[in-house]
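Nothing in this text is a laboratory measurement; each read-out follows from the coordinates by a stated rule. Please read all numbers here as calculations on a predicted model, not as lab measurements. No Cβ is skipped: glycine too gets one built from the backbone with ideal geometry, and neighbour counts run over all protein chains shown.
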Amino acid sequence: MYFEDLAEGAVYRTGSHVLTAEELHEFAAAYDPQPMHLDRDFASRGPFGDVIASGFQTMALAWRLWVETGMDDHGRGGIALGDVRWHRPLYAGTELRSIVHIEHVRVTSQGKGLATMRFEVVDQDEALLLQFTTTGLFARQCHEVGSLAVER
């Protein structure tokens, strides 16, 4: 999608992904090696009762699901991430998907397309796992050059 295709208030649902125990372990070992993510015995005595995915893995999976829709094909990079809130832990075997709300779109003073999106990451029962917002640049189909509109 180009910037012009993004409408404030639009909502998109991604496909889903079931997190495997192997994926959870590999991500945690590489990027967030805390015992709540890696040590089943330790985790069983904690507040979650079992190992849980890193919150950053949950966010990365949510983003991957968005990219797989193809709607970010004309994305040109992120410039902000905020309002991150983890509501529930993600366990192996959970199916998750993203619900993406287009909250704000505008053209910058330099003529770039800017969109703020709110992600809600839910499980197979629609329980909210994670929320965050991201602001990114999107390619425009048409931009001004002097007084001429140039199509891409």
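Obtain the nm distance between the two label points defined at ALA29 and ALA80 by a simple spin-label model: each point lies 7 Å from its Cα along the Cα-to-C-beta direction.
Result: 3.9 nm between the two label points.
Can you tell me the 0 to 90 degree angle between the C-alpha axis of helix 55-68 and the longest principal axis of the chain, rounded to 10?
40 degrees
Taking +1 at the Cβ of each Lys and Arg and -1 at the Cβ of each Asp and Glu, which of ALA139, SER54, ALA43 sits farthest along the dipole of the chain towards its positive end, judged by Cα position relative to the Cα centre?
ALA139
5 Å is the cut-off here: which amide hydrogens, built 1.01 Å from N in the peptide plane, fall below it relative to PHE138, excluding neighbours closer than 5 in sequence?
Distant-sequence amide H within range of PHE138: ARG76, GLY113, LEU114, ALA115.
Rounded to a whole number, what is D in µm²/s for the range 3-151 from Stokes-Einstein with the Kirkwood radius over alpha-carbon pairs (10 °C, 1.306 mPa s)?
Taking Rh from Cα pairs, D becomes 94 µm²/s.
Build a GNM of the chain with springs between Cα atoms under 10 Å: which of SER98, SER54, SER44 gets the top mean-square fluctuation?
Highest fluctuation among the options: SER44.
Could you check the simple spin-label distance between ALA21 and ASP41, using points 7 Å along Cα→Cβ, in nm with one decimal?
Between ALA21 and ASP41, the simple spin-label model gives 1.6 nm.
Per DSSP H run of n ≥ 4, the term is -39500 (n - 2.57); total these for the chain, divide by its residue number, and report the mean residue ellipticity at 222 nm rounded to 500 deg cm²/dmol.
Computed ellipticity for the chain at 222 nm equals -6000 deg cm²/dmol.
Please give the FRET efficiency for THR135 paired with ARG64, using the beta carbon to beta carbon distance and R0 = 25 Å, rounded to the nearest 0.05.
The pair THR135/ARG64 has a calculated efficiency of 0.85.
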